[in-house]
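Structure first, then comments.
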Amino acid sequence: MSAERVQKIMARCGPWSRRQAEALIREARVTVNGQAATLGQQADAHHDAIKIDGRRLKVPLAVTQAYILLNKPAGHVSTRHDPEGRPTVIDLLPKQLAARVQPVGRLDFDTEGLLLLTDDGALAHRVGHPRFGCSKTYQVKVKGRPAAAALERLRSGIKLDGRVTAPARIEVRHVHGRREASAHTWWTVTLNEGRTRQIREMFFRIGHPVKRLRRVAIGPLRDSALRPGTWRRLRATELSRLRAALASDHSVGGSGGTGGSGGKHA
């Protein structure tokens, strides 16, 4: 195997994300052949002795990276561990696989839908960072029916936490109820960024709180048949499409597009 950056090797072979690996290097907890590692330093995973807190990193002879698509149910947090003891998405995976992968971005505790988990730190970074244009698509149920002018505000961008949101695609899906004042309407929302509780905050600002929220696409990835709480590995064709989308200027999705930032989405 040729030389590659130490933090990439750690993210590929251990339970750390690329960001966590970089933090360990900054804290001088990582050594390569007995010397403190530096950010950006390259090493050969099979020939150099990489240690974290004095323990050598175990590198399988053949490392096959994992790419998991999971349908997150409401009532789970999108982290490996939760200090409050709530169920996590990691709990839904077999133990051996759960020890390897990290969630890419986050969905709120009450938000449902597709979540990507992987031990490929480089791909996770590209899916999670907004500059790579990986959009995410959500189905959103809100109270009442927002006025056209209010929706246009959301499409154009509104100020949240001192910054204007990026333009969003918003299309109507379905209307429930007979009385306009008490009706619930469904919308398809596509974001090219993902801030903390962004969709909930957007609709709250125009007086139509979100009642249900589920993510239905990550870039070109979709699977309407995947049941809540279940998961599967990405097919080779899906992974190729995702990589191709991330390599282009803008992510390519199905009808309505698809991804966002590495922050806590929706």
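Any read-out appearing in this document is the output of simple, stated calculations on the displayed coordinates, not a laboratory observation. Model, not experiment: these values are computed from the prediction. Cβ placement follows ideal geometry from the backbone for every residue including glycine, while neighbour counts extend to all protein chains displayed.
Structure notes:
- Rg over Rh [alpha-carbon atoms, Kirkwood Rh] for the stretch 51-155: 1.08
- Note that the stretch 1-99 shows a convex hull volume over its alpha carbon atoms of 117 Å³ per residue.
- Packing-based order for 91-103, 15-27, using average beta carbon neighbours within 10 Å, highest first: 15-27, 91-103
- Rg followed by Dmax, in Å, when the chain is reduced to its Cα trace: 20.3, 72
- The dipole here belongs to the chain: it is taken about the Cα centre, uses +1 on the Cβ of Lys and Arg and -1 on the Cβ of Asp and Glu, and is about 660 debye.
- Our summary gives the stretch 4-56 a relative contact order of 38 percent, counting only alpha carbon pairs under 8 angstrom and 6 or more residues apart.
- Full extension of the chain segment joining GLN42 with ALA66 gains 6.4 nm, where the gain is 0.36 nm per residue of separation less the Cα-Cα distance.
- Positive-end residue of LEU24, ALA99, ALA36, charge dipole of the chain with Cβ unit charges: ALA99
- Computed from the C-alpha gyration tensor, the three semi-axes of the ellipsoid equivalent to the stretch 4-56 are 14, 12, 10 Å, from longest to shortest.
- Value of relative contact order over the stretch 64-266, rounded to a whole percent, pairs C-alpha under 8 Å and six or more apart: 31
- Amide hydrogen neighbours beyond the local backbone of SER135, cut-off 5 Å, H modeled: GLY219, SER251, THR258, GLY259
- Peptides 74-83, 160-169, 105-114 ordered by average Cβ neighbours within 10 Å, highest first: 105-114, 74-83, 160-169
- Among the listed pairs LYS72/LYS211; LYS51/LYS95; LYS72/LYS136; LYS72/LYS141; LYS72/LYS143, a Cα-Cα separation exceeding 20 Å is found for LYS51/LYS95; LYS72/LYS143.
- Computed over the stretch 1-124, relative contact order equals 27 percent, with contacts defined as Cα pairs under 8 Å that lie 6+ residues apart.
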